[in-house]
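Notes follow once the structure below has been shown.
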Amino acid sequence: MALTKSEVKKVPLRAADIENKTSPILKLIIIGILILAVFGLLIISTTISLEKEYYTTLKGSNFHIRGRKIKHGEVYEGIIYGTNTLFGRPKLQPFQGEMNATDTAKACSVSPYGKSRICLYLNIYRCEQERRSSNQQVLVYVGTGRVRNSGPADLVPYVAVEKYACKGTILVSVNYRQSIFGYFSTGAENTGNNGVYDVKLALEWVQKNIGHFGGNARNVTVLAAGNGARVVSLLSRLPESKGLFHQLILSGESSFTPFSIRKPSYEGFRSSRWYSEKLGCTTNDSWPWDSQPNDPERVYNCLERLPLSDITALDEKSGAKELITWPFVVDQELVRSELLSSEETVGHSVPTLFLVCLDTELHQGSLYLSNQIRKLLQPIYELQLDQFQDLLEYYVRELTNETSQREMPTKQQHYKLINRIHNNFRLLGPSLLEAQATASGDVLTYFMFITNRKKEDAYMSQTPLCLGEDLFDSVKPLQKKFGRWRDNYGNTISEIVTNFIIRADPTLNSSSYIWPWYDPKSPEITVFDSSTQQGKVRPITEIETSIFWMCELGKKYLTPKILPRFCNTRKN
């Protein structure tokens, strides 16, 4: 007889019974789930640990930014400060929302190795919290970015932190448009000078946002090297830049260079037309040599449709054929025509340190060279810009004949002579005029030559604008070969820069004397020998080139009342 439900005795099912009833496949699934759960917990734990160890975050009411931790500091890289079209004016990018700043962004570099249409970014380097005070002074670096595949903002992080950030500053490095992207102009309204607008916008970003990182927006020093110095030199002369920075360190080119600022005419957009024609966007009919293009918008549309690699490759191939390849063009918006007048040639209104880096020391023994410079540069103001190439050839020919009339000039001799042109025309002479104009306004001014450069500088470039790489040791191939010398020299330059930033005096701590201010009536300068790491004070009258630039050419670019006293007593 079959049992009823009520008669069936309920016996608890044992674990062993369950195990016996579980299939092998189900067992494997359960074991797999348990293993995955354990690994998941390990991954989460490791991620949290790595996040704390290698990354840092900064939060505000409307932003959350993630950066990297490095030895003794923190780095926030690739922060977009502006947006732009390829050749358009930049617009400020709001600092808000979720931002990942853990890797370098693409550069505006005119090189096929690094390119981007959106490239207006900056990097921020600060010391670790234990060694960092609040409301720190800010150092903004505007460089040149001559290292291939990098932009001006790309520094070696640990060097930037150790040598600058941990010595009392928040360091900001700025990327901006250069060459064709920064200065292309058709002469039409709102064209040209984009590199200047980029840097100005970056400084405005710093004023608005550096406080989030512990920086003092009312105590900003701009350190500019190479072409960056030319841009910052110009910005400092514009009323629109007032309050954006409070001290300057200029090492490189200058807005006081002759022909650096041009009217929107043939001389102003000559390079732009040449590039446009080579890239197939212009013909003699559509853009005559002696006027503006018939349809500027069509030129820009053509350039923007081109592969970026075509533009950068042409720039890489062409090189600098002239002393001033890309002048600033008067746009009546930021760069106004008043800047062309000697009556408006005023210096900077904030304390300024001029660092001029030359290959060799200037001395009286090279008077024949200075005399040749005088002869050749005296008529340069009557030359048109298209005659600069003839000037170069003539300069080389004259000086080579002076050196050796019987021997054919060597390539090395040509290189040295062309370097001298760059030294005097783009670097030394304009910087002297700029320092004289600044000090004459009763502004604290220092002027320092860095001389006797080591041969490794030739590895980088054939232009003597060498300070930028030494400041941040960004040339990795040289670190191994010249590591000890470069490290010692870098430490010395770092001390000069940070001393000026913090106490407005660049004198080295180990120096036996106080480095002199630049006195506009009887100027003295500090000559610093990079090979011996020693400095010495010398009157500027010992440098024959300075007499030529400041007295003879100074009359064209400076008002008589600010010329140095020795110009009035000097025999003609």
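Some observations on this one:
- Residue satisfying all of: in region 562-572; part of a helix (DSSP H, G or I) and at pLDDT below 70; farthest from residue 442 (Cα to Cα) among these: 569
- For beta carbons closer than 6 Å, sequence separation of 6+ or different chains, a first residue in region 189-217 that is among the hydroxyl-bearing types (Ser, Thr, Tyr) and a second that is crowded, with 18+ Cβ neighbours inside 10 Å, the qualifying pairs are 191/185; 197/90.
- Residue under evaluation residue 112, criteria (1) in contact with a strand residue (DSSP E or B) (Cβ under 7 Å, 6 or more places away or on another chain); (2) modelled with pLDDT under 80, criterion not met: (1)
- Among the residues making up region 337-358, those that are polar (S, T, N, Q) and at pLDDT below 85 are 337, 341, 342, 345.
- Selection from region 183-221 of residues that are modelled with pLDDT under 95, polar (S, T, N, Q) and out of contact with any Gly (no Cβ under 6 Å at 6 or more places or on another chain): 186, 190, 191, 193
- For region 132-149, the candidate set comprises residues that are buried (at least 20 other Cβ atoms within 10 Å of the Cβ) and at pLDDT below 85; within that set, the residue that is farthest from residue 177 (Cα to Cα) is 147.
- Cross-chain or 6+ apart pairs with Cβ under 7 Å, region 432-447 first and more than 16 Å from residue 551 (Cβ to Cβ) and assigned by TED's automatic domain parsing to the domain that holds residue 355, then modelled with pLDDT under 90 and of a type in the set (A, V, I, L, M): 441/346; 447/525
- Exclusive hit being in contact (Cβ under 8 Å) with a residue 24 or more places away in the chain, more than 30 Å from residue 269 (Cα to Cα) and touching a Ser or Thr at 6+ places or on another chain (Cβ under 6 Å), set 139, 171: 139
- For the criterion of being touching an Asp or Glu at 6+ places or on another chain (Cβ under 7 Å), modelled with pLDDT of 90 or more and either under 24 Å from residue 352 (Cα atoms) or surrounded by fewer than 24 Cβ atoms within 10 Å (Cβ to Cβ) (or both), residue 176 passes.
- Residue within region 174-197 that is outside the structural domain of residue 294 (by TED's automatic domain parsing) and farther than 19 Å from residue 85 by Cβ present: yes
- Residue match in region 283-301 (condition: touching a strand residue (DSSP E or B) at 6+ places or on another chain (Cβ under 9 Å) and outside any helix (DSSP H, G or I)): no
- All positions within region 151-186 that are among the small types (Gly, Ala, Ser) and either touching a helix residue (DSSP H, G or I) at 6+ places or on another chain (Cβ under 8 Å) or at positive phi (or both): 160, 168, 173, 179, 182, 185
- Here residue 477 passes the criteria (1) touching a Lys or Arg at 6+ places or on another chain (Cβ under 8 Å); (2) surrounded by fewer than 15 Cβ atoms within 10 Å (Cβ to Cβ); (3) at pLDDT below 60; (4) part of a helix (DSSP H, G or I) except the one numbered (1).
- Number of the condition not met by residue 528 [criteria: (1) over 30 Å from residue 215 (Cα atoms); (2) over 24 Å from the mean Cα position of the chain (by Cα)]: (2)
- Matching residues, region 50-103, being basic (Lys, Arg) and part of a strand (DSSP E or B): 59, 66, 68, 69, 91
- Matching residues, region 199-228, being in contact with a helix residue (DSSP H, G or I) (Cβ under 7 Å, 6 or more places away or on another chain) and crowded, with 21+ Cβ neighbours inside 10 Å: 199, 200, 220, 221, 222, 223, 224, 225, 226
The values are calculated or read from the model by the stated rules, or taken from the named source; none is laboratory data. All values derive from a computational prediction rather than experimental measurement. For neighbour counting, all protein chains shown are included, and Cβ atoms are generated from backbone atoms with ideal geometry for every residue, glycine included.
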